[in-house]
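For reference, the structure is listed below as C-alpha cells.
Every read-out reported here was derived from the displayed coordinates using simple, explicitly stated rules and does not represent laboratory data. Owing to the predicted nature of the structure, the values given are computational and were not obtained by experimental measurement. Positions of Cβ are backbone-derived with ideal geometry, glycine not excepted, and every protein chain shown enters the neighbour counts.
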Amino acid sequence: MENTHRHSLECLFHPDSVALVGITTANPWHWTRTFLDSLIEFEFDRPLYLVNPKGGEIKGHKVYTSLKDIPGSIDHVIGLVNAQIAAGLVEECAEKEVRAIHFCTAGFSETGDPKRIKLESELVEAGRRTGIRIIGPNCMGIYCPQSRLSFSPAFPRESGPVGFISQSGGNSIYLVRQAALRGVRFSKVISYGNACDIDENDLLEYLAADPDTKIICLYIEGIKDGRRFRRALEEATKTKTVVLLKGGTTEGGTRAVAGHTAALAGSRSTWEALCKQLGIISVRSLDEMIDVLVTLLFLPLPAGRNAVLFGAGGGASVLIADEFESRGLRVPALPQELVARMQEFTPAAGNILRNPVDYSQNLMDAEGTRKAFDMVSEWEGTDFVVTFVRTGQFVLPWLSGSRINMLLGRFWADRDELPKPVAMVLEPSILPQEAEAILTAINECVSSGLPVYYSFGAAANAINLVLNHAEHLSKTA
C-alpha cells in the first residue's frame, strides 16, 4: 500500500466511505451507537458500513461480520473495539486500503500501566508498517459539518469559520455546544486524544492551510515536538487568528494530564511567553475561549477602548464599570450637554445619566430608550456600547423579560445601521420564571448577529483580549 503523505490529512475530513468497526448490536443506548446516530442525523451521504462479529442489522444498515466481507475499499474507519485487538484491526484495515483510523477506544498509555503502554506502541508500529494514519486512541475524532461527519447528533449542521483542535473529547463537545448556542459555527473540530500518530502539529499545519478556517482554537495538554509546534504556530498566525488554552499548568493539573492523555505538561509562564511573542490570544478556560470567539465573530472591532455602558440597575452599573476599567477599558463620563439633552425626555427619578447609564425606570418606554441609546452610541467620545441586564434582580420575575426585550428591540431590525459596535450582557438567572426569557433573548441576539455575554467580567475580559490582539497586530504590521 502506498504510504499516505504525513501532512496530507484531507481524507480525514472528506472520506469517500466510513466503517464503524465494533459497534454494539445488542444495546441501543451503548456509547458506540452515538457515532451511528450522529452520521444518520447529519445525513452522511456516502457508503456507511457497520461491523460486528455477530452480524445483523441496525436502523436499516446491514452489520457485516468482518471488514473483509465489505465489498470494495474503505476510506475511513472508526474503531470502537477494545484496546487488546486495536493493533490487529490496523492490519485488517490495510487489506481494505483504509487510509485513516480513528480509535475512540481508551485503555492505552493514559492509564500508566506498562502493558497498556505496550498496546499503544504496537498500535503505532502497525500504523507505520501499513501507512495508515491513526487519530487517537482515546478520543472522539472528527466533526466536519461540510462533509456531514460528526461525533454528536446535537452539533449544528451548519459550517462556520472556526477550527478547534482539542486533546480532550469532553472539552470539544462542551465548546461546540456552548459556543453554538451563541451563534458560533465550526469548519472542523478534532478531538485527538493520546496522539499516538496524528498529533497537534499535523492538525495545526492542516488548519493553517485550510481555506475554510479563519480562526484556530486549541486545547492542548502536552506536545510531542516543541520546535515543530512553535513553527506551526508561527505559520498559522500569519494568516489566522489563534486562540490557545493550555491545560495542565499547575501541579494538580499536570497530574490530571498524565492520567488523561499521557501528555507532558508545562509551566504557565512558558506558554504565556510563547503566546505573547507570536500574537496568540491566550485564555484560561473554555468559557473564556467562547467569549473570545463571540467577540471575534460578532463584535466589529472597536476603534478604541472607550465604552458607554447602558442598562438597568444602580448596583449593576457600579460593578460593570469596575469590571471594564479594571481590564484596561475606559468608561468616560458623558458630557453635560449630552446629559441635558437626555434629561429633556428622561424622568429624573430612578435613572442615572452618567456613564454607566442606568435606565432602569425608563426601559418600559420604547421610544425613550431608543432615543437615549442612539444619543450615547452616536457620541464621539465612545468607541462601543455595552448594554446590560442582570436578571434575577427585579421584584417581579416578568420584569426581567420585559427589560431585556426593550433593550433588544433597538437592535433586531437594523444592527448594520448602528453607529458603533454593540455588545449585550445578560447576567442569567437560574430561576425558572426567568430562564425562558434569557434563552429567548440569547436566540434573538444570535439571530441579529449580536455578541452576547453571560457576565460583566466575561464581556470586559473578552473585549480587552481581542483589543490587545488587534493592538499587537498593528504594532507588528
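Sorted by average packing, counted as other Cβ atoms within 10 angstrom per residue and highest first, what order do 453-464, 417-428 take? If you can, show how the numbers build up before the last one.
Working: 453-464: 23.3, 417-428: 20.2.
Most protected by this proxy first, the peptides run 453-464, 417-428.
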**Extension gain, Ile117 back to Glu436 (0.36 nm per residue minus Cα-Cα distance, nm)** = 110.0 nm
**Prompt:** From a point 7 Å beyond the Cα of Thr65 in the direction of its Cβ, which residues of the stretch 12-50 have a backbone N at a distance under 19 Å?
**Reply:** 20-26, 49-50
**Prompt:** Between Lys54 and Glu235, how many nm apart are label points set 7 Å from Cα along the C-beta direction?
**Reply:** 4.6 nm
**Options Ala349, Thr65, Met289, ranked by Cα towards positive dipole end of the chain, top entry (Cβ charges)** = Thr65
**Message:** What would the Debye equation give as log₁₀ I(q)/I(0) for the stretch 15-98 at q = 0.11, 0.18 Å⁻¹, counting only Cα atoms as equal point scatterers?
**Reply:** -0.26, -0.72
**Complete:** In degrees rounded to 10, the 0-90 angle between helix 432-447 Cα long axis and the longest Cα principal axis of the chain is 80 degrees
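Assuming R0 = 30 Å, can you tell me the calculated FRET efficiency for the pair Gln84 and Asp37, based on Cβ-Cβ distance, to the nearest 0.05? Write down the numbers at each step before the final one.
On the way: r = 26 Å, r/R0 = 0.87.
Here the calculated transfer efficiency is 0.70.
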**Fill in**
Exposure proxy check on Lys96, Lys188: fewest-to-most Cβ neighbours within 10 Å is Lys96, Lys188
**Request:** Of the listed pairs Lys420/Lys475; Lys188/Lys238; Lys188/Lys420; Lys96/Lys224; Lys276/Lys420, which have alpha-carbon separations greater than 22 Å here?
**Result:** Lys420/Lys475; Lys188/Lys420; Lys96/Lys224; Lys276/Lys420
**Asked** Taking only the alpha-carbon atoms of the stretch 141-297, what semi-axes of the equivalent ellipsoid follow from 5 times the gyration tensor eigenvalues under a square root, in whole Å, largest first?
**Response** 22, 17, 15
**Message:** For the chain, place one equal point scatterer on every Cα, skip the solvent, and apply the Debye formula. What is log10 of I(q)/I(0) at q = 0.07, 0.11 Å⁻¹?
**Reply:** -0.44, -0.91
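Let me know the charge dipole size of the chain about its Cα centre in debye, to the nearest 20, where only the beta-carbon of Lys, Arg (+1) and Asp, Glu (-1) is charged.
In total the dipole reaches around 700 debye.
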**Request:** Which order do the peptides 296-304, 199-207 take when ranked by the mean count of other beta-carbon atoms within 10 Å per residue, highest first?
**Result:** 199-207, 296-304
